[in-house]
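Only the coordinates and a few stated rules stand behind these numbers; no lab work does. Everything numeric in this text was worked out from a predicted model, so none of it was measured. No Cβ is skipped: glycine too gets one built from the backbone with ideal geometry, and neighbour counts run over all protein chains shown.
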Amino acid sequence: MVVQRAPSRPALEVADVFRAHGEAYRQAHALTGDQGKVMRAIEACRTAVLGGHVDFCLDCGTKTPSYNSCRNRHCPKCQGLEQAAWIEARKARTLPTHHFHVVFTIPAQLRSLAKANQEVVYSILFREASRTLLELGETRLGATLGVTEVLHTWTRTLAYHPHVHCIVTGGGLALDGKRWVSTSKRYLFPVKILSRLFRGKVLAALQQAHTAGELTIAAPDFALLIAPLYHKDWVAYAKQPFGSATHVFEYLGRYTHRVGISNQRLLGMDERGVRFLTKGGHSECLPPSEFIRRFLQHVLPSGFVKIRHYGLLAPANVNTKLPIALRLMSPPPSPPSPPPPPVETSLVPTSPEMPTWEERLLALTGINVRTCRHCGSSHLELRPLSDLDTG
């Protein structure tokens, strides 16, 4: 019998940094309620603090503790299963066409404003990125695009850098709903037009938010901040299209459930600080307090939705316009096949269902939680954690 072994634990985890230096950081810095909650969750994740159970093998007698996960969306250890479930659910809504990866970024001058007004500015970033894409889809193609957006706020060095990743269909449903209109497979829209339209929409939305009193910044300071940005080139770019539609959400899944830094990028922690991989194989070393500060600045406001869908994929359209687009793009039905020979009903497979979390874990990591990690036996009995203290 092949025994499934768990992948080796990273040499260092964000949780280790928090446990070693988190209390000192909390004593020296004022944290928001959300930041404090994230720190506590990551520190307790997969420890006895959150409870769990013991897998007792009836064959070899091995007792293996299984501790509960914190399931916090900022925890580096808790994203794999959620990511797999999200990807599985999105596949049914993936249109069989080429897709583009478009990124919209606000200029550095707006980062302080964004950090002080996260919900307002992040919402503007989402909304105006989608409006830019959908408006160009309507004016240049006469069609409604499908757009999924994901908010990121970090760079590889954990610096604060808000931007949205957009996966955009290479075409859309004609405005009359009667045909599919495709874009070129080489590019979506001219980058300059994307950038300038996005710039105008964001600045207008910020001005409106300021007039409504939704931004914490004084009027003279706001005017001085905004005025130069009308003449500055904003960053917006579209990457090469995906090879096939089947890869779209596997690719996007790497963005949807990513946190500021993964445990796999951590190299070590010593008296000099925390060292981690950055870009191009380079690394950076930060004092623990600075590492924690940079990590926590990417904690999103509680309840803020960081994955949003627009156009054909918007909640209002998934049961109306999206099915029409899928039907228009489906290949013509094949001629009917002769009926298959009768089979014994006990051998007919049941209809496919969403995989369980155990099945997802097995697919992602090779770990089969239904078997003993010591001998491979499937004869496991779940017992309370207190059973570890008994003989």
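Here are a few things to note about the model shown:
- Sites Arg370 and Ala89, calculated FRET efficiency, Cβ-Cβ separation with R0 30 Å, nearest 0.05: 0.80
- Distance (nanometres) between label positions extended 7 Å along Cα→Cβ at Thr157 and Leu385: 4.0 nm
- Distance between the pseudo-spin-label points of Leu31 and Thr64 (7 Å out from Cα toward the beta carbon): 3.2 nm.
- Sites Ser182 and Arg131 - FRET efficiency at Förster radius 25 Å, r taken between beta-carbons, to 0.05: 0.70
- Packing, as the average of other Cβ atoms within 10 Å across residues, places the peptides 19-32, 55-68, 96-109, 123-136 in the order 123-136, 96-109, 55-68, 19-32, highest first.
- The slack between Ala223 and Thr320, meaning 0.36 nm per residue of separation minus the straight C-alpha distance, is 30.6 nm.
- Pairs beyond 24 Å (Cα-Cα), from Lys115/Lys239; Lys192/Lys239; Lys192/Lys279; Lys115/Lys232; Lys91/Lys321: Lys115/Lys239; Lys192/Lys279
- The convex hull of the Cα atoms of the range 140-233, projected and averaged over all directions, covers 8.8 nm².
- Calculated FRET efficiency for the pair Ala48/Ser377, C-beta based, R₀ 22 Å, to 0.05: 0.30
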